[in-house]
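The values are calculated or read from the model by the stated rules, or taken from the named source; none is laboratory data. Computed from a predicted model, the values in this text were never measured in an experiment. Glycine also receives a Cβ, built like all others from the backbone with ideal geometry; neighbour counts cover every protein chain displayed. Surface areas here come from the heavy atoms of the whole protein model, side chains and all, with no ligands, DNA or RNA. Shrake-Rupley method; radii C 1.70, N 1.55, O 1.52, S 1.80 Å.
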Amino acid sequence: MAVAGVDSEAPSRDWKRTLKDSLAVVASQKPKTSDQEPKDNEMDLFTKYYVEWRGGRKKNNLSYKSIPRFYYRLPAEDEILLQKLREESRAVFLQRKSRELLDNEELQNLWFLLDKHQTPPLIGEEAMINYENFLEVKEKAGQKCKQFFAAKIFAKLLHNDAYGRISIMQFFNYVMRKVWLHQTRIGLSLYDVAGQGYLRESDLENYILELIPTLPQLDGLEKSFYSFYVCTAVRKFFFFLDPLRTGKIKIQDILACSFLDDLLELRDEELSKESQESNWFSAPSALRVYGQYLNLDKDHNGMLSKEELSRYGTGTLTSVFLDRVFQECLTYDGEMDYKTYLDFVLALENRKEPAALQYIFKLLDMENKGYLNVFSLNFFFRAIQEQMKLHGQEPVSFQDVKDEIFDMVKPKDPYKITLQDLISSGQGDTVSSILIDLNGFWTYENREVLVANDNDGSADLDDS
């Protein structure tokens, strides 16, 4: 029995050994799994099922078929053929838009029709038209004019006329302005190399350079000065319209501001001397700014050092403020070029403007905290006190000045003055003048005396 039992168990042990050997072989052939693999498998499954689910939604939702394509990739630099195609298509598009505008003959015809359909009675010399005649002119003026004869435009121009009429001259000026804006937009778009609705600095430089011959008030400029004039003109656009210094400006922003009006005002051959002097883009103004730059450049190297810039204006800017200018602004080996100088001039000559206050605030905010505290104010005003001592004047107490500044600005936080606080208060120009310029502080400190002198002078003129 014993022998028989042993013999019956032998095959059983062989099968067990065979199974273990097989499992060992399989285990040795199977690669070891890392901890990351289950996560990868899980992500693969999620991706698979999500794509199937999303695809099913698209098939079931008919709105996907009606959504138009809204993104078109711009051609790369090496895709020359696509770039040429894009340029040509844009040129054709702008030409078509240009043909849709009213030309001089069509504008004259519109004026003739408006004058012919004016509605009595005449009030002074102002010709008026009621809504019925307004619609009659619309039908006769032609297809191009119909866009201007909307009811909402008539309503906007309707004021307190007892007969419900609008001024023909005001309406015609509205049409002229609209046509001019569209013409100018098309003209600017021709220089938009990227075709994205904005101009880079080089694009605007090309536009103004080619505009110079069409401006009679710039006839006297020598061609050697053109590059400096263009730099002076372009800088104003970018200083005020590109506060984040992205290097580009929206064409819409250019059209919305008054700078282009000031520039194109130079087409007027009879522009008064006063208007030219107050216009940044005029020849006298550009020559004045560039002449000041040359006068400051004592070593004639084409750049300004801190010492040379210290003589700017009345020569009363504090050394602390000038230190900050050269710390924050773009310089070359510690000296300022003409473009950086233009930003400096635009900021100091337009201290009421938000862009100018932003420029000055950045210099005053030494610790880059986004606000001015008592320490900041004291740091800059201490330089004013030192200048007062040098001029033999009794320094004014900082505590008094600090209290006046906070009273003027009325910041949201009683211990901090932000840029928005300065802009909202309308006192940003006064505060900045107090902190950076002895002459500005003296003017503020003696404002009551100056006003009294002005009043006395006016009284003397009235008596005479």
Once fully extended, how much extra length lies between Glu100 and Gln292, figured as 0.36 nm per residue of separation less the alpha-carbon to alpha-carbon distance? 64.5 nm
Spelling it out for Leu372: with amide H atoms placed in the peptide plane at 1.01 Å from N, the residues 5 or more places away or on another chain with amide H under 5 Å from its amide H are Ile417, Thr418
Could you please state how large a percent of the accessible area of region 196-286 is carbon and sulfur, counting protein chains only and using a 1.4 Å probe? 47
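R0 = 45 Å: FRET efficiency of Glu79 with Ile123, Cβ-based, nearest 0.05?
On the way: r = 63 Å, r/R0 = 1.40.
Taking R0 as 45 Å, the efficiency between Glu79 and Ile123 is 0.10.
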Expressed as an acute angle from 0 to 90° and rounded to the nearest 10, what is the orientation of the C-alpha long axis of helix 283-296 relative to the principal long axis of the chain? 80
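Accessible area of region 319-381 with a 1.4 Å probe: how many percent of it is carbon plus sulfur?
On the way: 1260 of 2650 Å².
Carbon with sulfur: 47 percent of the solvent-accessible area.
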On a 18 Å Cα-Cα criterion, which of the cross-link pairs Lys369/Lys416; Lys97/Lys146; Lys352/Lys416; Lys97/Lys178 come out too long? Lys352/Lys416
Short version: ³J(HN,Hα) in whole Hz for each residue of region 389-394, in order, from phi by Karplus 6.51 cos²θ - 1.76 cosθ + 1.60 (θ = phi - 60°), x for Gly and Pro, what are they? 4, 4, 8, x, 9, 6
Within straight-line cross-link reach of Lys20, lysines at Cα separation under 18 Å, skipping those fewer than 8 residues along the same chain: Lys30
At most 12 other Cβ atoms within 10 Å and a DSSP loop assignment: could you name the GluC sites (Glu not before Pro) in region 152-239 that fit? Glu222
Value of Rg/Rh across region 316-452 [Cα atoms, Kirkwood radius]: 0.96
So what are the three principal axis dimensions of region 196-286 from its Cα atoms, in whole Å, longest to shortest? 36, 26, 18
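Give me the net charge of Leu348's neighbourhood, meaning all other residues with Cβ under 13 Å from the Cβ of Leu348; Lys, Arg count +1, Asp, Glu -1.
On the way: positive: Arg351, Lys352; negative: Asp343, Glu349, Glu353, Asp429, Asp437.
For residues surrounding Leu348, the net value is -3.
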Taking a straight Cα-to-Cα line shorter than 18 Å from Lys273, and setting aside same-chain aspartates and glutamates fewer than 8 residues away, one finds Asp219, Asp261, Asp262, Glu265
When the Karplus curve 6.51 cos²θ - 1.76 cosθ + 1.60 is applied with θ = phi - 60°, which whole-Hz ³J(HN,Hα) does each residue of region 139-149 get, with x for Gly and Pro? 5, 8, 6, x, 4, 4, 7, 4, 4, 8, 9
Write out the chymotrypsin sites (Phe, Trp or Tyr not before Pro) in region 162-216 meeting two conditions: DSSP loop, and at most 15 other Cβ atoms within 10 Å of their Cβ. Tyr163
Neighbour cut-off at most 13 other Cβ (10 Å), DSSP loop, trypsin sites (Lys or Arg not before Pro), region 250-299: Lys298
Taking the structure as given and computing volume of the Cα convex hull per residue in Å³, which label from [x] 411; [y] 138; [z] 168 fits? [x]
Going toward the positive end of the dipole of the chain, with +1 on Lys and Arg Cβ and -1 on Asp and Glu Cβ, which of Pro411, Ser202, Leu271 do you reach last? Ser202
With a 1.4 Å probe and every protein chain kept in, tell me what percent of the accessible surface of region 78-194 is carbon plus sulfur. 55
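Taking only protein heavy atoms into account and a 1.4 Å probe, give the accessible area per residue of the chain in Å². Working shown, then result.
On the way: 29440 Å² over 464 residues.
Here the residues of the chain average 63 Å² of exposed surface.
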Convex hull volume of the Cα atoms in region 77-218, per residue, in Å³? 163
